[in-house]
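What follows is a single structure, written as structure tokens, with notes after it.
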Amino acid sequence: MALPRLNDSPNYNLVIPSLKQSVKFRPFLVKEEKVLLMALESEDQNQILNTVIDTIKTCVTEDIDSTKLTTFDIEYMFLKIRAKSVGETSNITMKCNECESENDISLNIDSIEIEVPDISNVIELDDQISLEMGWPTFNDVIHNDILSSESNVDQIFGLIRSSIVAIRTAEERFSAKDQTVKEMDTFIESMNNKQFAKVREYVEKMPRLKHDVTFDCKKCNHKNHTEIEGMQNFFS
């Protein structure tokens, strides 16, 4: 006799932020949570992201092209799946800005949303050259080892390089994917400060999973107001 089947899970809806595409998903199960916990214990950013995307692909019940997902898509989708899987609140510990005492905070993670700014994806560098921009995909970040770099400069250059879709002149369009990393870095390094600031400003406007937290310290009563961002910080 076959064992009874557990958890015919209900389906929920979410909208992928960058694609504005509505998809259905189910909560993750113990077997998937076990793999996630092992990845988190490794503290390896690439392993964590790879495990998270595998979980998303397993739990989303319709076809999605994961190569088109941005890093903030993945963070947001995982947050929503996690909320329906293990609870819509997450208990985190935060230090008081005044006395540094640790405080236990409860967050409603299912209420957290991501705002995608409505900005132009074309940057005019000068009268002759412009850039087509796009938010880096998950694949870009993993392929270029952006998160594994310990240098902030390398991370910034990696994000900028991954955000450039094409370089345009009046006569030609050069796809960034057809260029080598060295060629792209040489192009970026040839910018003047004003041009580089325009590109960096675009990258810095990339949506992030973040939330404002306000709490009164249990020890000194200091009113704290801080912002947390990054997927892992919501489950610390």
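Here are the numbers:
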{"quantity": "Whichever aspartates and glutamates have a C-alpha closer than 17 Å to that of LYS95, once near sequence neighbours (fewer than 8 apart) are set aside", "calculated": "ASP104, ASP212, ASP216, GLU227, GLU229"}
{"quantity": "Radius of gyration, Dmax [the chain; alpha carbons; angstrom]", "calculated": "20.7, 76"}
{"quantity": "Distance histogram for the stretch 122-204 (every C-alpha pair counted, 5 angstrom bins, percent rounded to whole numbers)", "calculated": "3, 15, 27, 29, 17, 7, 2, 0"}
{"quantity": "Residues whose placed amide H lies under 5 Å from that of VAL213, excluding near-sequence neighbours", "calculated": "THR226, GLU227, ILE228"}
{"quantity": "0 to 90° range, to nearest 10: angle between helix 30-42 axis and the chain longest Cα axis", "calculated": "60"}
{"quantity": "The chain: relative contact order in percent, alpha carbon pairs under 8 Å with at least 6 residues between", "calculated": "17"}
{"quantity": "Listed residues GLY87, GLY158, GLY134, most fluctuating in the chain (Gaussian network, C-alpha, under 10 Å)", "calculated": "GLY87"}
{"quantity": "Most positive-pole-ward Cα, SER22, ASN192, ILE129, against dipole of the chain from beta carbon charges", "calculated": "SER22"}
{"quantity": "Sequence of PHE157, PHE174 once ranked by neighbouring C-beta atoms within 10 Å, starting from the fewest", "calculated": "PHE174, PHE157"}
{"quantity": "Pairs beyond 25 Å (Cα-Cα), from LYS80/LYS177; LYS34/LYS80; LYS24/LYS210; LYS177/LYS205; LYS80/LYS223; LYS68/LYS177", "calculated": "LYS80/LYS177; LYS80/LYS223"}
{"quantity": "Efficiency of FRET between ASN139 and GLU115 - r from beta-carbon atoms, R0 25 angstrom, step 0.05", "calculated": "0.60"}
{"quantity": "Degrees, to the nearest 10: 193-204 long Cα axis against longest axis of the chain", "calculated": "20"}
{"quantity": "Charge dipole (debye, nearest 20) of the stretch 168-214; +1 at Cβ of Lys and Arg, -1 at Cβ of Asp and Glu", "calculated": "220"}
{"quantity": "Helical mean residue ellipticity (222 nm; -39500 (n - 2.57) per DSSP H run of 4+; nearest 500) of the chain", "calculated": "-11000 deg cm²/dmol"}
{"quantity": "Alpha carbon Rg of the stretch 56-129, scaled by the compact-globule rule 2.2 N^0.38 Å", "calculated": "1.67"}
{"quantity": "Amide hydrogen neighbours beyond the local backbone of LYS95, cut-off 5 Å, H modeled", "calculated": "ASN103"}
{"quantity": "Long-range amide H partners of LEU29 with built H, under 5 Å", "calculated": "none"}
{"quantity": "Dipole of the chain, positive end: most advanced residue of ILE109, VAL153, PHE174 [Cβ charges, Cα centre]", "calculated": "ILE109"}
{"quantity": "For the stretch 63-200, convex hull volume per residue from C-alpha positions, Å³", "calculated": "182"}
{"quantity": "Debye, to nearest 20: dipole size of the stretch 122-204, +1 on Lys, Arg Cβ, -1 on Asp, Glu Cβ", "calculated": "80"}
{"quantity": "Where trypsin sites (Lys or Arg not before Pro) in DSSP loops with at most 16 other Cβ within 10 Å are excluded, longest remaining stretch of the chain", "calculated": "21-204"}
{"quantity": "Check: the stretch 30-178 dipole with +1 on Lys, Arg Cβ and -1 on Asp, Glu Cβ, in debye", "calculated": "460"}
{"quantity": "Relative contact order of the stretch 122-204, pairs being alpha-carbon contacts under 8 Å that are 6 or more residues apart, as %", "calculated": "30"}
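Each reported figure results from applying straightforward, stated rules to the coordinates on display, with no laboratory input. What you see is a predicted model, and the numbers here were worked out from it, not measured in a lab. Cβ: placed from backbone, ideal geometry, glycine included. Neighbour counts: every protein chain shown.
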